[in-house]
Amino acid sequence: MDSVGLYADGRLLQLNSFENRVFQLFLEDGRAVVSKFYRPNRWTDAQILEEHAFASELMAEEIPIAAPWALHINGDSSIAARLMGEPPTLAEIATPDGAYRFCVTDRRAGRAPELEDPATLEWIGRFIGRMHLVGARQPFTHRRELSMNEFGWDCRDWLLEHGDIPPPVQAEWKAAVDAALNLAQDAFERAGASERLRLHGDCHVGNILWTDAGPHFVDLDDCLTGPAVQDLWMLLSGDAVAAKQQLRSLLRGYEQFRDFDDRELALIEPLRTLRIVHQCAWLAKRWSDPAFPPSFPWFGTEAYWRQITQQLQQQVLRD
């Protein structure tokens, strides 16, 4: 932090994040900030800067989100970070363990939203609708696109080759994942060429903080190109009746700002299937990270893969 002219007073709190390393720091001038150090070799500089530009574009439209600060070199070239982009929001500093890229944002506080309240869901729907208005203005150039190959078939193939699925459950898991992904692919093809836009990408309740002023996002790390419904379906819970009522509230707010293509409703279960498969691959690929085994002690066990198999079988029945 010193290398970009931000001097912490020594108080530091590591925040909950598995993909990156995120810290809350208090500065000598009294401000509280969050510094995110990006996992090496996951995103390119161009992909991170595109995330930052999207956050800044949203903030310029008064859509509440924690956007990265423009950073400044302190002047000591021996420790100064290499700054990239306009404005320079991504810094890199060399250490004996390698180079680390990081950004700094305001600290944003809040509580989990009450998704049982229709008025809260409608407010969140308005918030997402405003975000999608901005997201539809122009495409991402470097960020990923939500596709069957990258989030489905590629993950399935990687898991079969590297995932160490226990032999007693591998055949049943393979049959279930193949059936679920084939049905998901059919659903995407039947839905046709729905609009693709810039999305939050990982819009679940843990990434929305609520205050008396309403909701705000705290993380665009997984922003990507995809259908609008991707930023809605993860907020649904409960049985089919409850989920339908929740969706109705979300769309009532959403459509105050932007039309929603009802054909995308047929993509909810296929998108759930992709998330299940992608989550398995994400955990397997991160298993060498020392933070993962203590946090996910059940991962990789025979019981885990049987549970995933059952979830995929249920997806086949839902589709």
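Coordinate-derived values only; no laboratory data. Since the structure is predicted, the reported quantities are computational estimates derived from the model, not experimental observations. Positions of Cβ are backbone-derived with ideal geometry, glycine not excepted, and every protein chain shown enters the neighbour counts.
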Distance in nm between L27 and Q311 label points, each 7 Å along Cα→Cβ, equals 4.0
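Please give the length that would be gained between R137 and T95 if that part of the chain were fully extended, namely 0.36 nm times their separation in residues minus their C-alpha to C-alpha distance (nm, one decimal).
11.2 nm
So if I place +1 on the C-beta of Lys and Arg and -1 on the C-beta of Asp and Glu, and nothing else carries charge, what would the dipole magnitude of the chain be about its Cα centre? I want it in debye, nearest 20.
It comes to approximately 220 debye.
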Stretch gain in nm, segment V241-D289, where the contour uses 0.36 nm per residue and the Cα spacing is subtracted: 13.3 nm
For the chain, take the longest principal axis of its alpha carbons; what is the angle in degrees between that and the long axis of helix 118-135, to the nearest 10 within 0 to 90? 70
Between (1) 0.98; (2) 0.96; (3) 0.92, which entry matches Rg/Rh (Cα atoms, Kirkwood Rh) as derived from the coordinates of this structure? (1)
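Tell me the GluC sites (Glu not before Pro) within region 183-288 that lie in a loop according to DSSP and have at most 13 other beta-carbon atoms within 10 Å. Don't jump to the answer; show the numbers that get you there.
Details: sites: E189, E195, E255, E264; in loops: E195, E255.
In loop regions of region 183-288 (DSSP not H, G, I, E or B), the sparsely surrounded GluC sites (Glu not before Pro) are E195, E255.
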Using just the helices of the chain, give the 222 nm mean residue ellipticity in deg cm²/dmol: DSSP H runs with n ≥ 4 each add -39,500 (n - 2.57), and the total is spread over all residues, rounded to 500. -12500 deg cm²/dmol
Protection proxy ranking, peptides 24-31, 170-177, average beta carbon neighbours within 10 Å, highest first: 170-177, 24-31
How charged is the neighbourhood of K36? Take every other residue with its Cβ under 15 Å from the Cβ of K36, and add Lys/Arg as +1 and Asp/Glu as -1. -3
How far apart, in nm, are the 7 Å Cα→Cβ label points at F37 and S17? 1.1
Rough spin-label spacing in nm, given labels placed 7 Å along Cα→Cβ, for E172 and R111: 4.3
Given the options N149, N207, N41, which has the most mean-square fluctuation in a GNM of the chain, springs set between C-alpha atoms less than 10 angstrom apart? N41
Quick check for you: which residues of region 209-239 have the amide N under 20 Å from the point 7 Å beyond the Cα of E189 toward its beta carbon? 227
